[in-house]
Amino acid sequence: MADFYAALRPLLFQLSPDRGHALAHAALRFGLPWRMLAAASGLAIADARLRTRFAGVELPNPVGLAAGFDKNCELIASLSCLGFGFITVGSIMPQPRPGNPYPRLVRYPQTESLADSMGVPSRGRDYCVEHLSRFHPHPVPLFANVGGFSADEIATSFAAVEPHVDGVEISLMCPNLKPGEAFDEIALLRDVLARIEGRRKPAIVRVPNDTVRSSDRLAELVERCVEAGVEGLKVAGGRAVAEPGLGTGQGTLHGRATFETALSNMENTARIARGRIAIKGNGGVSSGADAVALLRAGATCVDLYSAFIYQGWAIARRINRELLESLERAAMTSVSGLASTK
């Protein structure tokens, strides 16, 4: 079936990236065909050696689908069939947002990368919560990424989605920054954490891309999270890029071209965290070797998006098989042991 996607991809890539994205969403709205595909193809690998624990949540394997693909929580039934160890939906915004002008996506096939300028489109919190409420129990662990432009917005969304997911990922955002202006993500984080002190589900803080590149700011953010008992961090490798093919003329680069940055960011964050908080790695993961490198650098698990676009619905199975091969070569009995082989 992976070969089938490889044959199909050239046809799909004749469409514009935005049209291809819309077509993928349309195809994934129906859960039954994907359950049948999963059953016929063995997309989900059940192997105890792959089990791990992130932010207090038991995962069947450490390879997840990142936030950004299913922004409005509409595709959970089908995505849960594809062998991922967890799914992250969102980013869920408080109110409906149209997002940025089209085109919003540009492909770089030679590096299996993408530039995006989505602008956080969302059908809004109420719509997403209504869809989340339909999926109990979850076939695989489910996280929701929530965003907002104030501590009240983020905390309110956290409380709204919390009953329906296994953990909540927090995106720290600031709109309309002018050149030269700084985003005080530490102050926003402090206010959010004060408002969610009574949470019942794990909180995962997505470290802003600019923050992870500043050692002082990164150290301060990590310490705030540790002090507040935050259960997890997400560290990515995306970076700003000028791209005239986007409607806004600039966006964020994702995919294999960002992997080395993601690995460096993981190493820096793990050095500061010193094992006191679980970390999820993101950015250009497209193979078992990539996943192993991030796990050895300090990640508990990884998630991906661009590789799903370029390699298709069997990507989680392939990476997990390669992880098992790595364990066998190293004579290890658990994926969690990879972190000790730096």
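Largest first, the extents of the alpha carbon coordinates of region 101-200 on the three principal axes equal 41, 35, 23 Å. The magnitude of the dipole of region 252-296, with charges of +1 and -1 set on the Cβ of Lys/Arg and Asp/Glu and taken from the Cα centre, is near 220 debye. Expressed as a whole percent, how much of the Cα-Cα distance distribution for region 177-298 exceeds 26 Å? Of all Cα-Cα distances in region 177-298, 26 percent exceed 26 Å. Using the Cβ-Cβ distance between Q110 and D210 with R0 set to 35 Å, the FRET efficiency from 1/(1 + (r/R0)^6) comes to roughly 0.80. Per-atom-type breakdown for the chain gives carbon and sulfur 53% of the accessible area (1.4 Å probe, protein chains only). The modelled label-to-label distance between L23 and R274, using points 7 Å beyond Cα along the C-beta direction, is 5.3 nm. All Cα-Cα separations within region 229-293 were binned at 5 Å from zero, giving a P(r) of 4, 17, 22, 19, 16, 11, 6, 4, 1, each value a whole percent of the pairs. Evaluated over the chain, the count of Lys pairs having alpha-carbon atoms less than 25 Å apart is 8 (only pairs 8 or more residues apart or interchain).
Please calculate how many Å² of accessible area region 217-342 carries per residue, with a 1.4 Å probe and no DNA, RNA or ligand atoms counted.
Values: 4800 Å² over 126 residues.
Dividing the accessible area of region 217-342 by its residue count gives 38 Å².
According to the calculation over all Cα-Cα pairs in the chain, the P(r) per 10 Å bin from zero is 6, 27, 38, 25, 5, 0 %. Summarising the overall dimensions of region 240-337 from its C-alpha atoms, the Rg and Dmax are 15.1, 50 angstrom.
Rolling a 1.4 Å probe over the protein heavy atoms leaves R271 with an accessible area of roughly 140 Å². Spin-label model, E197 to E227: label points 7 Å out along the Cα-to-beta-carbon direction sit 1.4 nm apart.
When the alpha carbon coordinates of region 49-103 are projected onto the principal axes, the ranges are 45, 22, 19 Å, largest first.
May I ask what percent, to the nearest 5, of DSSP beta bridges between residues of the chain are antiparallel? The antiparallel fraction comes to roughly 35 percent.
With the cut-off at under 14 Å, measuring from each backbone N in region 38-58 to a point 7 Å along the Cα-to-Cβ line of M332 picks out 49-53. P(r) for region 1-85, from all Cα pairs and a bin width of 5 Å, is 3, 12, 17, 23, 23, 13, 6, 3, 0 %, short bins first.
The values are calculated or read from the model by the stated rules, or taken from the named source; none is laboratory data. The shown structure was predicted, so the numbers you read here are calculated from the model rather than taken from an experiment. FYI the Cβ positions are ideal-geometry reconstructions off the backbone, even for glycines, and counts take in every protein chain you see. For accessibility, only protein heavy atoms count, side chains too; no ligands or nucleic acids. Shrake-Rupley method; radii C 1.70, N 1.55, O 1.52, S 1.80 Å.
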